[in-house]
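What follows is a single structure, written as structure tokens, with notes after it.
The values are calculated or read from the model by the stated rules, or taken from the named source; none is laboratory data. If you're wondering where the values come from, they're calculated on a predicted model, not measured in any experiment. When we count neighbours, we look across all protein chains shown, and the Cβ atoms used for this are built from the backbone with ideal geometry, even at glycine. Protein only, heavy atoms only, side chains kept; ligands, DNA and RNA dropped before computing areas. Shrake-Rupley method; radii C 1.70, N 1.55, O 1.52, S 1.80 Å.
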Amino acid sequence: MTVAKTGTGPLAGVRVVELAGIGPGPFAAMLLADLGADVVRVDRPGGGGLAIDPAYDVTNRNKRSVLVDLKSPEGPARVLELAERADVLIEGFRPGVAERLGVGPAECLARNPKLVYGRMTGWGQEGPLAHTAGHDIAYIAVTGALGMIGSPEGPPAVPANLVGDYAGGSLYLVIGVLAALQHARTAGGAGQVVDAAIVDGTAHLTAMIHGMVAAGGWQDRRGVNLLDGGCPFYGTYETSDGRYMAVGALEQQFYDTFVRLLGIAEEAPARKDLARWGELREAVAARFKARTRAEWTEVFEGADACVAPVLSLGEAPHHPHLAARSTFTDFGGITQPAPAPRFSATPAAVVSGPARPGADTESVARDWDVPGLTGKGS
């Protein structure tokens, strides 16, 4: 049998089957692929999901793709053959769909008792809303996370789909999969199902805030607290050119440097006088409006004031610190975030661009010894 394709990261040698979906499932599989796993994405004929050109779907980088019609008579058998040879399987169907298709946990674990079966959903596998459609914004809404973000005068601010889909979803799925994989590879261990629900992960992200509420250190309303923009020395301020600077001078020593470099050290009211926070905010805002973002960036450059320019997605790769660290990389003509985190002995890398649906059927059939994928055997 031919040795499977692997990367150079710490998960080199780990085989992952990803049943194609959108959002958090593909991102989780990308992270595993970035870390060196051999991720085979099972795409459906005709595509599906969001209308993005596969050539630009960075969440499918470092993967390979095969086409399988799960609704065809032979489709489920092909997936089960892959699952039998895999360490991990990831799916993002609504509860019960994988079972109806014949590729649910029972069927897969019967073929491979050591398999880690990762399930990525918004509402989870059970509960009143488990079978209801939803997207990131609904999941973070019911957990209280969305209600924390934004000014007190306006509606909650939508943080793209980063908090729910990716932070509360993908990252928790990856954590669960890796923990279950460790268990499966331990003496006496076995495979199992990982139920990663975005509502669970997002709620978990608010753990510290719940503790602060219980201690009386956080009001259960947005825009009035230490870390939600309510604090005048933890927020964003407009500059004279219509751009913004971000301030996070929470500790006293950083605050002292901040007000000194901003030029209001003599007029700023005491930072602990909450009754004068409005006055302090006005003083800070007025000073920032006096210069451009570039000028303020130069003023605070290298200082322990916890101040940074607010950059756009296009500007971020050119920031001197990010450029020096190669936080972004260019691959296949696409500027994209480089793999993270970093490893001293098993470095991760972008080694291939977005997988094109079905483009790797021949190589996967050979490497994984599943000739049925090409219609040449069973």
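The strands (runs of 3 or more DSSP E) falling completely within segment 10-119 that include 2 or more residues that are in contact with a Ser or Thr (Cβ under 7 Å, 6 or more places away or on another chain) and acidic (Asp, Glu) map to 38-43.
Checked against the criterion of being of a type in the set (D, E, K, R) and closer than 30 Å to residue 92 by Cβ, the candidates 241, 200 yield just one match: 200.
Answer with yes or no whether residue 119 is under 18 Å from the mean Cα position of the chain (by Cα) and of a type in the set (Lys, Arg). Spelling it out, residue 119 is indeed under 18 Å from the mean Cα position of the chain (by Cα) and of a type in the set (Lys, Arg).
Does residue 96 fit the bill of being in contact with a helix residue (DSSP H, G or I) (Cβ under 7 Å, 6 or more places away or on another chain), open to solvent by less than 50 Å² (accessible area, probe 1.4 Å) and among the small types (Gly, Ala, Ser)? Criteria not met by residue 96.
Those residues that are of a type outside the set (Ser, Thr, Tyr), in contact (Cβ under 8 Å) with a residue 12 or more places away in the chain and in a strand (DSSP E or B), I need them from segment 317-336; list them, please. Of everything in segment 317-336, those that are of a type outside the set (Ser, Thr, Tyr), in contact (Cβ under 8 Å) with a residue 12 or more places away in the chain and in a strand (DSSP E or B) turn out to be 328, 331, 334, 336. The residue that is nearest to residue 10 (Cα to Cα), counting only those in segment 331-354 that are among the hydroxyl-bearing types (Ser, Thr, Tyr) and open to solvent by 70 Å² or more (accessible area, probe 1.4 Å), is 344. The requirement of being closer than 24 Å to residue 17 by Cα and free of Cβ contacts under 8 Å to residues at least 24 places away in the same chain is fulfilled somewhere in segment 163-178, by at least one residue. Taken over segment 269-282, residues that are within 19 Å of residue 151 (Cβ to Cβ), open to solvent by less than 90 Å² (accessible area, probe 1.4 Å) and hydrophobic (A, V, I, L, M, F, W, C) amount to 2. Taking the conditions (1) open to solvent by less than 60 Å² (accessible area, probe 1.4 Å); (2) in a loop (DSSP other than H, G, I, E, B) in turn, residue 155 satisfies each one other than (1). Taking residues in segment 272-287 that are closer than 13 Å to residue 233 by Cβ, and partners anywhere that are assigned to a loop (DSSP other than H, G, I, E, B) and among the β-branched types (Val, Ile, Thr), the pairs with Cβ atoms closer than 6 Å and at least 6 places apart or on different chains are 283/264; 287/264.
Among residues that are among the small types (Gly, Ala, Ser), within 15 Å of residue 143 (Cα to Cα) and touching a residue at least 40 places away in the same chain (Cβ under 8 Å), residue 203 is included. Set side by side, the residues 338, 365 differ, and just one is under 19 Å from residue 59 (Cα atoms) and among the small types (Gly, Ala, Ser), which is 338.
So for segment 178-197 (the condition being farther than 30 Å from residue 33 by Cβ, of a type outside the set (Gly, Ala, Ser) and touching a helix residue (DSSP H, G or I) at 6+ places or on another chain (Cβ under 6 Å)), does at least one residue qualify? No, because not a single residue in segment 178-197 is farther than 30 Å from residue 33 by Cβ, of a type outside the set (Gly, Ala, Ser) and touching a helix residue (DSSP H, G or I) at 6+ places or on another chain (Cβ under 6 Å).
Rundown of residues vs (1) open to solvent by 40 Å² or more (accessible area, probe 1.4 Å); (2) more than 30 Å from residue 223 (Cβ to Cβ); (3) not small (Gly, Ala, Ser), yes/no style:
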site: 135; (1), (2), (3): yes, no, yes
site: 162; (1), (2), (3): yes, no, yes
site: 174; (1), (2), (3): no, yes, yes
site: 183; (1), (2), (3): yes, yes, yes
site: 189; (1), (2), (3): no, yes, no
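Check whether at least one residue in segment 196-209 is in contact with a Lys or Arg (Cβ under 8 Å, 6 or more places away or on another chain), farther than 23 Å from residue 312 by Cα and modelled with pLDDT of 95 or more, and report yes or no. There is at least one residue in segment 196-209 that is in contact with a Lys or Arg (Cβ under 8 Å, 6 or more places away or on another chain), farther than 23 Å from residue 312 by Cα and modelled with pLDDT of 95 or more. Selection over segment 63-86 of residues that are open to solvent by less than 20 Å² (accessible area, probe 1.4 Å) and within 18 Å of residue 110 (Cβ to Cβ) gives a count of 5.
Kindly evaluate residue 111 against the criterion of being under 21 Å from the mean Cα position of the chain (by Cα), over 20 Å from residue 171 (Cβ atoms), surrounded by fewer than 20 Cβ atoms within 10 Å (Cβ to Cβ) and not aliphatic (A, V, I, L, M). Criteria not met by residue 111. Does segment 21-30 contain any residue that is open to solvent by 20 Å² or more (accessible area, probe 1.4 Å), at negative phi and modelled with pLDDT of 95 or more? Scanning segment 21-30 turns up at least one residue that is open to solvent by 20 Å² or more (accessible area, probe 1.4 Å), at negative phi and modelled with pLDDT of 95 or more.
Yes or no, residue by residue, for (1) open to solvent by 50 Å² or more (accessible area, probe 1.4 Å); (2) among the small types (Gly, Ala, Ser):
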residue: 127; (1), (2): no, yes
residue: 132; (1), (2): yes, no
residue: 149; (1), (2): yes, no
residue: 202; (1), (2): no, no
